[in-house]
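The values are calculated or read from the model by the stated rules, or taken from the named source; none is laboratory data. The structure displayed is predicted, hence computed values, not measured ones. As a convention, Cβ positions derive from the backbone with ideal geometry for all residues, glycine included, and neighbour counts pool all protein chains shown. Ligands, DNA and RNA are stripped out before the accessible areas are found, and what is left, the full protein with its side chains, is counted by its heavy atoms. Shrake-Rupley method; radii C 1.70, N 1.55, O 1.52, S 1.80 Å.
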Amino acid sequence: MSHDAQPDASLYIAGRFAEGEGEALPVHYPYDGAVIATLRAATPKQVAQAMAAAQAAQPAWAALRPVERGRVLIRAAQIIRDRAEELARLETLDTGKPIQETRVADWPSGAEALEYFGGLAPTVTGQAIPLGGDFVYTIREALGVCAGIGAWNYPSQIACWKAAPALAMGNAMVFKPSEETPLGALKLAEILTEAGLPPGIFNVVQGGGAVGAALATDPRVAKVSLTGSVATGQKVYAAAAEGMRHVTMELGGKSPLIVFDDASLEDAVGAAVLANFYSSGQVCSNGTRVFVQEGILPAFLERLAKRLAAVRIGDPLDEATQHGPIISPAQLCKVRAAIERGQSEGARLVCGGPGEGTFVPPTVFAGVTDDMWIAREEIFGPVMSVLGFATEAEAVARANATPYGLAAGVFTRDLARGHRVAAALQAGTTWINAYNLTPVEAPFGGVKLSGIGRENSAAAIEHYSQLKSVYVGMGGVDAPY
Ligand code: NAD
């Protein structure tokens with residue numbers, strides 16, 4: 001089967017494809033590096049066109065009944081489900097993630113976000129505040145034009161997670177996917193148009209950091225929502241501050257997973273696997289610091305190595321493949337350098353290693369100490385650090401000794417301890433006896449350097465709207481002079 005994934009054109013502005021007039025952006029299938037499409041970036045003039053289209057279209061969209069906006073999103077969710085196989089294949093080509101993952105995780109999660117926020121839109125109401133005669137009522141209104149900037153690991157899910165609440169609340173969006181994975185957002189734009197979205201409400205521009213920076217500083221933008229690294233987040237947050245723009249920052253992490261000796265060993269090992277190796281380890285919320293209580297540490301490592309020995313690595317389009325390639329040569333270099341660093345720091349390689357070609361196998365280091373680089377920095381690849389601990393207080397203190405705070409997990413059969421530890425962990429998203437499940441019904445996001453704002457759940461509505469209060473005078477006006 002051909003791997004050609006060339007879209008009709010590179011950009012989507014005002015309800016139509018438009019060819020970019022900026023630099024060429026070849027799109028590679030990460031498995032073999034083959035060029036599957038060549039796109040072109042947007043020029044500043046084309047970014048301005050997308051902004052103008054969004055600004056012009058937004059007021060009429062916001063003036064619709066919420067149930068009408070919701071209906072469009074729910075229709076889009078249905079179209080995504082109808083085309084599930086085609087979309088999963090495209091996502092696999094764009095990202096290199098196994099088709100067995102993209103079929104169940106990526107677009108399906110995007111469809112759920114559209115369905116959820118489509119249904120939620122008509123339920124958003126204001127408050128009436130009685131003042132003994134006079135009264136105040138509040139209106140939760142759209143912000144205007146929102147900019148969305150995506151990372152490459154879940155490109156279509158990220159586009160949906162940002163577009164769904166933004167559009168549900170009556171905003172328009174200009175979205176820039178990662179230059180590594182530009183294809184899914186164009187599909188979303190097409191699908192939304194087919195579902196009845198008016199032209200200009202969801203636009204896609206392509207390009208790298210410069211195009212992202214242009215979005216974050218455009219005077220027409222009321223809000224910037226970024227999914228990316230902490231370093232980019234700091235730049236985008238600072239740029240947005242100049243215009244007092246709202247932000248949502250979904251950034252990186254170095255999340256802890258704490259396994260107590262009373263936990264179900266098999267479940268804890270399974271969770272550690274899911275917390276580190278899904279999507280070749282390229283997941284922001286991964287629990288890359290696995291703290292295991294000393295009594296069960298040898299059994300944990302033995303079981304982990306045995307299960308990982310069975311993992312099937314290969315062509316992501318092959319249905320049997322469980323572990324795909326790393327997204328790009330640049331990221332491969334970073335991950336391999338991290339593995340070398342772990343070895344030179346004296347950590348013990350339990351399994352895996354630098355790998356060959358475009359692959360890095362699931363890699364586990366034991367004997368890791370808190371001060372090692374591999375225990376402190378986000379690697380964003382399939383590299384797990386296992387650290388021993390003795391007491392609950394020690395585990396919590398060490399888990400929290402990081403500037404990041406995206407996610408955390410705890411495995412124990414002692415329910416009181418589970419809740420106590422979850423409460424003590426400094427993370428925006430925390431799991432007890434589970435890991436990396438992010439249902440649309442639950443808020444998702446980080447604390448500390450891992451970000452600000454929440455995606456998913458009713459909480460996301462607040463991040464894509466603002467509150468207006470209207471004071472209603474019911475009597476005369478008593479002026480003092
Ligand atoms: P990145 O920060 O390099 O790029 C993210 C996006 O920002 C890209 O679209 C890029 O073009 C754009 N960008 C780069 N410089 C910019 C600038 N100065 N102004 C505006 N935009 C700019 O991140 P990445 O390598 O694509 O993704 C990996 C990172 O994303 C990891 O750190 C990972 O943890 C994080 N991530 C976080 C979440 C989350 O929900 N918290 C989800 C996925 C990925």
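So here's what we get for this one:
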read-out	value
Checklist (1) more than 14 Å from the ligand (Cβ to nearest atom); (2) open to solvent by less than 10 Å² (accessible area, probe 1.4 Å); (3) assigned to a helix (DSSP H, G or I) applied to N276, failing item	(1)
Count of region 164-184 residues which are within 12 Å of the ligand (Cβ to nearest atom) and out of contact with any Gly (no Cβ under 7 Å at 6 or more places or on another chain)	3
Single residue of V421, V440 found to be of a type in the set (V, I, T), crowded, with 19+ Cβ neighbours inside 10 Å and under 18 Å from the mean Cα position of the chain (by Cα)	V440
Total residues in region 93-119, condition outside any helix (DSSP H, G or I) and either in contact with a helix residue (DSSP H, G or I) (Cβ under 8 Å, 6 or more places away or on another chain) or among the basic types (K, R) (or both)	5
Spans of strands (runs of 3 or more DSSP E) in region 333-423 with at least 3 residues under 27 Å from P316 (Cβ atoms)	348-351, 363-366, 383-389
Members of region 240-254 that are among the small types (G, A, S) and near the ligand (Cβ under 10 Å from one of its atoms)	A240, G252, G253
All positions within region 120-130 that are in a helix (DSSP H, G or I) and either without any contact (Cβ under 8 Å) to a residue 24 or more places away in the chain or surrounded by fewer than 16 Cβ atoms within 10 Å (Cβ to Cβ) (or both)	P122, T123
S229 vs. criteria open to solvent by 10 Å² or more (accessible area, probe 1.4 Å) and either in the same structural domain as M51 (by the TED database) or within 15 Å of the ligand (Cβ to nearest atom) (or both)	yes
Hey, H419 in the same structural domain as S279 (by the TED database) and out of contact with any Leu (no Cβ under 6 Å at 6 or more places or on another chain) or not	yes
Any hit, region 447-454, residues being open to solvent by 60 Å² or more (accessible area, probe 1.4 Å), of a type in the set (V, I, T) and more than 30 Å from T402 (Cα to Cα)	no
Subset tally (residues that are assigned to a helix (DSSP H, G or I), over 16 Å from A263 (Cβ atoms) and open to solvent by less than 70 Å² (accessible area, probe 1.4 Å)) for region 292-311	2
Single unsatisfied condition, I79 versus (1) among the β-branched types (V, I, T); (2) in contact with a His (Cβ under 8 Å, 6 or more places away or on another chain); (3) not in a strand (DSSP E or B)	(2)
Residue in region 463-471 that is in contact (Cβ under 8 Å) with a residue 24 or more places away in the chain, within 14 Å of the ligand (Cβ to nearest atom) and in contact with a Leu (Cβ under 8 Å, 6 or more places away or on another chain) present	no
In region 145-163, the residues that are touching a helix residue (DSSP H, G or I) at 6+ places or on another chain (Cβ under 8 Å) and either within 8 Å of the ligand (Cβ to nearest atom) or open to solvent by 10 Å² or more (accessible area, probe 1.4 Å) (or both)	I149, G150, A151, W152, N153, Y154, Q157, W161
Of all residues making up region 196-224, the number that are open to solvent by less than 40 Å² (accessible area, probe 1.4 Å), near the ligand (Cβ under 10 Å from one of its atoms), over 18 Å from A18 (Cβ atoms) and not in a loop (DSSP other than H, G, I, E, B)	3
Residue count for region 254-272, restricted to those that are surrounded by 20 or more Cβ atoms within 10 Å (Cβ to Cβ), under 24 Å from N153 (Cβ atoms) and of a type outside the set (S, T, Y)	6
